[in-house]
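Notes to accompany the following structure.
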Amino acid sequence: MSPHNDAPSPASSFNSRSEYPIHHQAVQSIYTMNHYTEFDTSSIESGDVGLRRSLVPGIYVPTIAFFDPATDNVDVETTANHAVRLAKAGVAGITTQGSNGEAVHLSHKERNLVTSTTRKALDDAGFGYMPLIVGCGAQSTREAIELCEEAAAAGGDYALVLPPAYYQGLFSKDTVASFFRDVATASPIPILIYNYPGAVSGMDLNSDVIIDLAQHPNIVGCKLTCGNTGKLNRVAAATRAATVSDPGSGFMCMGGSVDFTLQTLIGGGSGIIGGTANIAPKACVRIVQLFEAGKYTEARRLQAVVARGDWAAIQGGIIGTKAGMMAHFGYGGYARKPLPRPNKEETNKWRESFEELVRLESSL
């Protein structure tokens, strides 16, 4: 099991690792592509396995799972409409079955339905070039591989994989690394390492482990929801991560929360996979654009507003985020049981908490 404390990497290992020849064929930079106008839109039946839709630096949205309030069935129509709304806002890609997508509340069949619905909606709306990342974490290596296979069949281009944690007291020091290598080797689509201590009983992969795993040809990125910007800097530098101004190796070193978008970009990261972009995708994208244009003062101003809105999302989790969406946009619904539905007082609280962020979003 990996150490939970991320001590600074030794200088010697940092220097040597930053020179190894990482090259991920499934990941290209926007600067080496023939732009999206020449992309041949494909359906989920075409057999594509992530080779056409490249990951590019920017904002990726882990979409919310929408349910019919009466039947609790997956709301296919809202799922499709929301994906198109995000695409029109200029995000770089979409993630299904992330933490915001209530993956733990979905059956395999429902996961595949959400992914295939999202893929079809993007294709039909003219966003066939947009990559789709699918959460594929599981407690066993076997199920994680199965989820990756199902994600590919449903139209997913990449898999976002949490480490297993239920029996971590029995792990050897190599268990987690072996898990990621085994899944990556067997997966038909490239994978990104998802480091989110809060979701896996405190397990926090350190930079040395992630840098070492990045050498696997089918591990093409990471999402660091740990919020450790020092770790992100080390991983980004050692892997020569893609940035908004330099394609680098193509490895995607992603922050996991929109409240440190600017910090991630300054530190050499590739962008953000962040749930608050469900509410304010334009505002999140605008921070990246301002950074790329060198307008740092304005970028800091927007980052402050986004960070305050993200704090509301962090406090309320999926319940608060959905309540905020319902209050301001008229859709979102409720989380699945056993999560509770917010009462009137709580609903008003989340409406007010997101008001500043929604005003910013509406102005863009």
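The values are calculated or read from the model by the stated rules, or taken from the named source; none is laboratory data. Note that the structure is a prediction, hence the values are computed from the model and not measured. Reconstructed Cβ throughout: ideal geometry from the backbone, glycine too, with neighbour counts over all protein chains shown. Surface areas here come from the heavy atoms of the whole protein model, side chains and all, with no ligands, DNA or RNA. Shrake-Rupley method; radii C 1.70, N 1.55, O 1.52, S 1.80 Å.
Dividing the helix sum by the residues of the chain, where each DSSP H run of 4 or more adds -39500 (n - 2.57), gives a mean residue ellipticity at 222 nm of -13000 deg cm²/dmol. Over all other residues within a Cβ to Cβ distance under 13 Å of Leu147, the charged ones net out to -2, with Lys and Arg as +1 and Asp and Glu as -1. Remark: spin-label model distance Glu346-Ile314 equals 2.1 nm, labels positioned 7 Å along the Cα→Cβ axis.
For Asp182 and Val84, the difference between the fully extended length at 0.36 nm per residue and the C-alpha to C-alpha distance is 31.9 nm. The H on the amide N of Cys136, modeled in the peptide plane, is under 5 Å from the matching H of Leu160, Val161, Leu162, each at least 5 residues off or on a different chain.
For Asp174 and Phe329, the difference between the fully extended length at 0.36 nm per residue and the C-alpha to C-alpha distance is 51.2 nm.
Mind checking the alpha-carbon convex hull of the range 59-176 and giving the volume per residue in Å³? Don't jump to the answer; show the numbers that get you there.
Values: hull volume 12.9 nm³, N = 118.
Hull volume over Cα atoms, normalised by residue count, gives 109 Å³.
Label-to-label distance, Ala293 versus Asp212, with points set 7 angstrom from Cα along the beta-carbon direction: 4.4 nm. Using Cβ point charges alone (K and R +1, D and E -1), the dipole size of the chain about the Cα centre works out to roughly 680 debye.
The packing ranking, built from the mean of other Cβ atoms within 10 Å per residue, places the peptides 71-81, 299-309 in the order 299-309, 71-81, highest first. Per-residue surface analysis assigns Met252 an accessible area of about 0 Å², computed on protein heavy atoms at 1.4 Å probe radius. Projected onto their three principal axes, the Cα atoms of the range 230-361 cover extents of 48, 32, 22 Å, largest first.
Packing order of peptides 270-278, 100-108, 171-179, highest average first: 270-278, 100-108, 171-179 (average count of other Cβ atoms within 10 Å over each peptide's residues).
Using Cα positions and a limit of under 25 Å, work out the lysines in reach of Lys88, with same-chain residues fewer than 8 apart set aside. Leaving aside lysines fewer than 8 places away in the same chain, those within reach of Lys88 are Lys120, Lys223, Lys282, Lys295, Lys322. Of all the options Ile211, Ile193, Ile266, the one that moves most in a Gaussian network model of the chain with Cα springs shorter than 10 angstrom is Ile266. Hull volume per residue, based on the alpha-carbon atoms of the chain and their convex hull, is 129 Å³.
Within the range 299-345, all pairs of alpha-carbon atoms sorted by distance into 5 Å bins from zero give the percentages 5, 21, 23, 24, 14, 8, 4, 2. Local charge for Gln289 was computed over the other residues whose Cβ lies under 15 Å away, with Lys and Arg +1 and Asp and Glu -1, and equals +2.
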